[in-house]
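This report refers to the structure that appears directly beneath it.
The values are calculated or read from the model by the stated rules, or taken from the named source; none is laboratory data. Computed from a prediction, not measured in an experiment: that's the story for all the values here. FYI the Cβ positions are ideal-geometry reconstructions off the backbone, even for glycines, and counts take in every protein chain you see. All accessible areas refer to the heavy atoms of the entire protein, side chains included, with ligands and DNA or RNA removed. Shrake-Rupley method; radii C 1.70, N 1.55, O 1.52, S 1.80 Å.
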Amino acid sequence: MSLRPTAVTGSFLGVLALVLTAAPASPATPTPPGTLAPASPAPAASAPAPVPAPGTPVPTPTPPPAPTLPPAPEAPVVPAAPDAPVPPEVPLPGTHLPDAYLPDGVVPVAHRGASAYAPENTLAAADKADQLGIAWVENDVQRSKDGELIVLHDETLKRTTNVEEVFPDRAPWKVADFTAAEIDQLDAGAWFGEEYAGEGVPTLSEFLDRMSANQQKLLLEIKKPELYPGIERDILKELGNEGWLDRQHLRSRLVIQTFDAASLRRVHDLNPAVKTGFLGTPAVAELPDYAAFADQINPRFTTVTAAYVDAVHATPGASGQPLELFTWTVDDAETATRMADLGVDGIISNRPDVIRDAVRGRD
């Protein structure tokens, strides 16, 4: 029997293949318990990357493009700094014009404080000067029975306090006959106005503290030094205790004056660094004698002439600088203008604001 396939056999085999292909798949036969299931066929492996033939250059991969960043925001425009403010024509309350700001350097000084507007030689008068923008304040210093330095003008307490009511049997009510505690009981403001009732007689220490708080300067007058032996040393000691003898105060914030030449000389001898002023109008020929212990000559305004001002300025004072001239007591604009035109360095006034405005308003 021949095993070579015949045409019929081939046909039959082709038909059988078609039948088997078309028949549905038989359901999977469950695997008997305890029998391991045959392993699933492994997935087809990915085709390996082609390996370049030897000597063939490997192409460099192209990096992806860098992401595009959003543009940076524009820097904010900073507005230009405003121009510096122009100094006001009239000082604000509590501010002081520098001496050099006034024409020719004429300095207004509040006489016993701004005493046209508040009771003289009180803390209220010093404060009023400060409110007016006046830096320099003049006061008067005496000494109580028990050695306290107090600020008062008159030799007695009668005119500016209620001493007659409080101590009716103590006439003539001299300052030197009362202790500091007794003087502290007196009202030094009610005589001037009801709004100042209760204002006391300040001690020098209290007055200096207020000057410091207000950043003011002091023209201190020793009143009646012949009644208080050694008062010059007492005053200098108090000034030192309050910090008023340091370089800043000695240079530009303190002057001691008096009508008594011997007392002024004692101040200079005790502390030559303290600026001093003689109250009066010495003859021109005597100016060098006073210049040995004084830095200022401070005459009444009725005695001031242009020739006298020139003579004072031509004389070197105790510090080696030309003598200065501060005149007193001027309260009207016309006289203030005339004094300024004569060349005075300062004007002492109960109305220092009137003086300041008049001097600044000159043509």
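Here are a few things to note about the model shown:
Table: residues versus (1) at positive phi; (2) among the small types (Gly, Ala, Ser).
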{"position": "THR276", "(1), (2)": "no, no"}
{"position": "PRO299", "(1), (2)": "no, no"}
{"position": "ALA307", "(1), (2)": "no, yes"}
{"position": "ALA318", "(1), (2)": "no, yes"}
{"position": "GLN321", "(1), (2)": "no, no"}
{"position": "GLY343", "(1), (2)": "yes, yes"}
{"position": "ARG360", "(1), (2)": "no, no"}
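- Number of the exception - GLU221 against (1) buried (at least 18 other Cβ atoms within 10 Å of the Cβ); (2) under 16 Å from VAL137 (Cα atoms); (3) touching a helix residue (DSSP H, G or I) at 6+ places or on another chain (Cβ under 8 Å): (3)
- Looking only at the range 237-249, and only at residues there that are open to solvent by 20 Å² or more (accessible area, probe 1.4 Å) and in contact with a helix residue (DSSP H, G or I) (Cβ under 7 Å, 6 or more places away or on another chain), the one that is farthest from ILE150 (Cα to Cα): LEU245
- Residue that is over 20 Å from GLN131 (Cα atoms) and touching a Gly at 6+ places or on another chain (Cβ under 7 Å), where the choices are ASP187, ASP169: ASP187
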